[in-house]
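The values are calculated or read from the model by the stated rules, or taken from the named source; none is laboratory data. Since the model is a prediction, treat every value here as computed from it, not as a measurement. Please note: Cβ atoms are built from the backbone with ideal geometry, for glycine as well, and neighbour counts cover all protein chains shown. We work out accessible area using only protein heavy atoms, side chains counted, and drop any ligands, DNA or RNA first. Shrake-Rupley method; radii C 1.70, N 1.55, O 1.52, S 1.80 Å.
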Amino acid sequence: MKEKLDGIKRDAIAMIESAETTAQLNDVRVKYLGKSGAISLVMRDMANVPKEDRPAMGKLVNELRTAVEGALNEKTELLAEREEELKLKAEAIDVTLPVDGKRTGTLHPLTLIRRELIDIFAGMGFSVDEGPEIESDLFNFQLLNIPKDHPSRDMQDTFYINDNIVLRTQTSAMQARIMTTQKPPIRVVVPGKVYRSDDDTSHSPIFNQFEGLAIDKHITMGDLQGCLQTFAQKIFSKDTKVRLRPSYFPFTEPSVEVDVTCSMCHGKGCRVCKGTGWVEILGAGIVNPAVLEMCGIDSGKYSGFAFGFGIDRIAMIKYGIPNIKLLYENDMRFLKQFN
Ligand code: PHE
């Protein structure tokens, strides 16, 4: 009997020592200490041991069980530690590896141009103002010398909310708001969104305009021309030339349309300027005295100039953007180019 117990002990310890995983150790535990394990069987066999030998045998079996259990526990702890270590090593992150390119946002081309424009006009003494996009007919049209039912309304395809409220079709609405609330001298630019029911490669139902207004004593067409010349050379290039052509707007008199030499071909003629060397960029003029009077400014004492252009159009010319829709689709492949 004693030999048998020694044999069991030797085999069990050898198996425990050679086990390499906690799973293998578990098998050993079942094989010796489980319900029908070798040691459990020996305990059950005690019934067949002569009564007088039982205490001594019982002691041996207990010692055997304690020894195997002890060895198992010790090895379990060791293996658990080792396995934990391996797991940590496998999951380790190398913090010294280079990062997978950081992706930062970029400013929208319209934002870039708007900021540049504000900077240019601030340099000439203009302040910046903003106004509502849902505008009353009064400011958008009537105070600008565009009465209800007048044919000049057809110049703009308007989204009417009701008879008296529109989505503003032009930042010129702010001319009327400013002139009815401020005293000259006035020098202000107004960037903002405007809306027209118009839709093709160069027109979007929503677009951005930039308005300028200067009211003071003795303001002339020469001041307007000088101001626009400076603006064109700063936003495009130093060699940009400006050309004024007679035009018509109800709120300016006289009115002009302004062209600049094409910034793509520098006047030689290309696709952007349709071979002419010039591109039209804005409408402007001397503030109509009738508008000054309607807004409460003495037209005998003061005169002024006003101009307005599309920020989108400036961006398209400056960056060579072929379709205005690109500015409103927010396609990352397009926007990324303005990094
Ligand atoms: N508001 C005019 C337009 O949208 C442009 C303009 C502004 C013309 C100021 C003259 C003076 O077409």
Residue list for the stretch 121-143, restricted to those being in contact with a helix residue (DSSP H, G or I) (Cβ under 9 Å, 6 or more places away or on another chain) and assigned to a helix (DSSP H, G or I): PHE121, LEU138, PHE139, ASN140, GLN142, LEU143
Qualifying residue in the stretch 60-79 (condition: over 27 Å from LYS2 (Cβ atoms), of a type in the set (Val, Ile, Thr) and open to solvent by less than 100 Å² (accessible area, probe 1.4 Å)): yes
Residues located in the stretch 141-173, provided they are surrounded by 11 or more Cβ atoms within 10 Å (Cβ to Cβ), farther than 25 Å from ILE297 by Cβ and not polar (S, T, N, Q): ASP157, PHE159, TYR160, ILE161, ILE165, LEU167
Any hit, the stretch 177-186, residues being part of a loop (DSSP other than H, G, I, E, B), in contact with a strand residue (DSSP E or B) (Cβ under 6 Å, 6 or more places away or on another chain), within 29 Å of ASP298 (Cβ to Cβ) and away from the ligand (no atom under 13 Å from the Cβ): yes
Where a residue in the stretch 240-252 is more than 10 Å from the ligand (Cβ to nearest atom) and its partner, wherever it lies, is acidic (Asp, Glu) and part of a strand (DSSP E or B), with Cβ under 6 Å and at least six apart: ARG243/ASP259; ARG245/GLU257
Enumeration of residues in the stretch 80-93 that are in a loop (DSSP other than H, G, I, E, B) and open to solvent by 80 Å² or more (accessible area, probe 1.4 Å): ILE93
Qualifying residues in the stretch 239-298 (those that are acidic (Asp, Glu) and under 27 Å from ILE146 (Cα atoms)) - the one least open to solvent (accessible area, probe 1.4 Å): ASP259
Of the criteria (1) in a loop (DSSP other than H, G, I, E, B); (2) away from the ligand (no atom under 16 Å from the Cβ); (3) under 30 Å from GLU293 (Cα atoms); (4) open to solvent by less than 60 Å² (accessible area, probe 1.4 Å), which one ILE118 fails: (1)
Hits in the stretch 304-339 - residues which are in contact with a Lys or Arg (Cβ under 9 Å, 6 or more places away or on another chain) and within 14 Å of the ligand (Cβ to nearest atom): ILE311
Odd one out for ILE281 among (1) touching a strand residue (DSSP E or B) at 6+ places or on another chain (Cβ under 9 Å); (2) away from the ligand (no atom under 16 Å from the Cβ): (2)
Hits in the stretch 202-244 (condition: assigned to a strand (DSSP E or B) and farther than 23 Å from ILE120 by Cβ): HIS203, ILE206
Tally, over the stretch 144-175, of residues that are assigned to a loop (DSSP other than H, G, I, E, B), within 13 Å of the ligand (Cβ to nearest atom) and without any contact (Cβ under 8 Å) to a residue 40 or more places away in the chain: 3
